[in-house]
Structures are given as structure tokens and as C-alpha cells.
Amino acid sequence: MAINLQKGQRISLTKESAGLSSIMVALGWDPVKSSKKGLLGSLFGGTEADIDCDASVFMLRENDRITGKQDVVYFGNLASSDGSIRHMGDNLTGAGEGDDEQIMVELNSVPSDIQKLVFVVNIYNCEKRNQHFGMIENAFIRIVDTKGSKELLRFNLTEDYGSKTALIVAELYRHGTEWKFAAVGEGTTDKNISDMLKKYR
């Protein structure tokens with residue numbers, strides 16, 4: 001049975017699943033339904049705004065630093081140069097149940113100088129569309145052992161992120177020979193990936 005984590009908690013993935021080598025990091029969210037005025041609104045219920053959330057991975061080296069664009073996996077660069085991390089594609093609306101975006105990580109193939117993987121989500125064109133994470137609900141991240149498709153853990157983001165336009169969702173980091181997971185859940189007002197990367201340069 002998957003472990004449900006709260007913000008700030010950490011867990012060793014290596015200890016939870018012996019021989020763990022390949023995982024799927026899945027993120028999901030739903031647009032908040034808003035009431036729609038008029039006859040059609042009362043007949044058919046609320047409507048959902050199209051909110052394009054983008055999940056990305058920052059590959060950090062010593063001292064939590066990123067060296068260049070090659071260390072960012074996102075919708076514009078779907079795989080790391082070494083092939084250890086693969087983004088499975090962009091979901092433009094967040095509609096539908098279950099995972100919205102999935103990222104595959106071959107833990108044994110991540111270069112040894114990469115100390116940490118940071119999983120983030122930002123809202124595409126948030127300023128132009130006047131959108132923020134208060135318009136999103138049911139956000140989560142989950143880790144699945146791809147061998148046997150066993151869900152190892154889940155972290156539901158339950159805070160009110162009403163004024164935030166980006167989220168640092170979680171971190172996967174080396175601790176000796178182990179890989180550990182940290183549930184971060186930190187909201188920021190960054191407008192795009194470039195803004196988010198500034199703290200890691």
C-alpha cells in the first residue's frame with residue numbers, strides 16, 4: 001500500500017523498495033469548477049477554465065546548482081542528454097482523472113554528479129491569462145516502481161496556493177547510496193521556468 005506523505009516529510013525510496021531502479025513520477029491536478037450564471041449554468045453545473053500546467057525536472061549538481069539548459073527536462077526538452085530522465089509529454093488543460101503528466105526516471109543511469117532532482121510545476125502564460133494555483137485543485141505527485149507498477153508513495157498538495165503561479169512540488173535526492181524523496185509543496189510567484197531556475201544558478 002502506498003505511503004501518503006505530508007508537507008515536509010521525507011522517505012527513503014531505496015528502503016521502501018529493494019532493488020529499485022526505475023520509477024515513474026506522476027503529477028496531476030484539476031481546474032476548479034466555477035459557477036456559471038444563467039439558465040445553461042444552472043442546468044449543466046459549473047465550468048472549468050483551461051489551465052496549462054507544465055511539470056519540469058531540474059537536475060542539480062553540487063551545492064544545488066544547475067549548469068545549463070541541458071539539466072532541465074520539460075515540454076521543450078523531453079529527455080535529459082544522458083537519457084536517464086524522460087518527460088512523457090505535455091497536458092494542455094489538466095482535464096480528466098488520474099495523472100496529467102508523467103516523468104520516467106532510470107535511477108541507476110542518473111549521472112553520479114547529479115545530486116538532486118527537483119520536480120516543479122508552473123502555469124504557462126500565467127500573466128497573460130491571469131491564472132494562479134488557486135484555480136487548481138486535487139494536485140498530487142506520486143511515485144511508482146515501474147517494475148510491477150507498484151505505487152510507493154503519494155503527496156497530496158492541500159494548501160491554498162491562491163496567489164502562487166508556480167510550485168516546487170518535491171525533491172528526489174541522493175543520501176549515500178540511497179535515493180530519498182522530500183515532500184516540499186512550496187508555492188512561488190515565479191512566472192515561468194526561467195524565473196524558477198534563478199535560485200539554482
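Extension gain for the segment N130 to D64, taken as residue separation times 0.36 nm less the Cα-Cα distance, is 20.6 nm to one decimal.
In this structure, the residue pairs whose Cα-Cα separation is over 25 Å, taken from K7/K116; K69/K116; K15/K69, are K15/K69. A quarter of the convex hull surface defined by the alpha-carbon atoms of the chain gives 12.0 nm² as the mean projection.
If you take every DSSP beta bridge fully contained in the chain, what fraction is antiparallel? Give it as a percent rounded to 5. Restricted to the chain, the bridges split so that about 95 percent are antiparallel. Sorted fewest first by neighbouring Cβ atoms within 10 angstrom, Y124, Y161 come out as Y124, Y161. Looking at region 96-160, the trypsin sites (Lys or Arg not before Pro) that sit in a DSSP loop and have at most 16 other Cβ atoms within 10 Å of their own Cβ are K147. Contact order, relative form, for the chain: 30 percent (alpha carbon pairs under 8 Å, 6 or more residues apart, mean separation divided by residue count). Specify which residue in the list N156, S17, G187 is farthest towards the positive end of the charge dipole of the chain, using unit charges on the beta carbon of Lys, Arg (+1) and Asp, Glu (-1), about the Cα centre. My answer, from the dipole projection, is G187.
Since every read-out is calculated from the coordinates, none of them should be taken as a lab result. Just so it is clear, the structure is predicted and the values come from calculations on it, not from any experiment. Cβ: placed from backbone, ideal geometry, glycine included. Neighbour counts: every protein chain shown.
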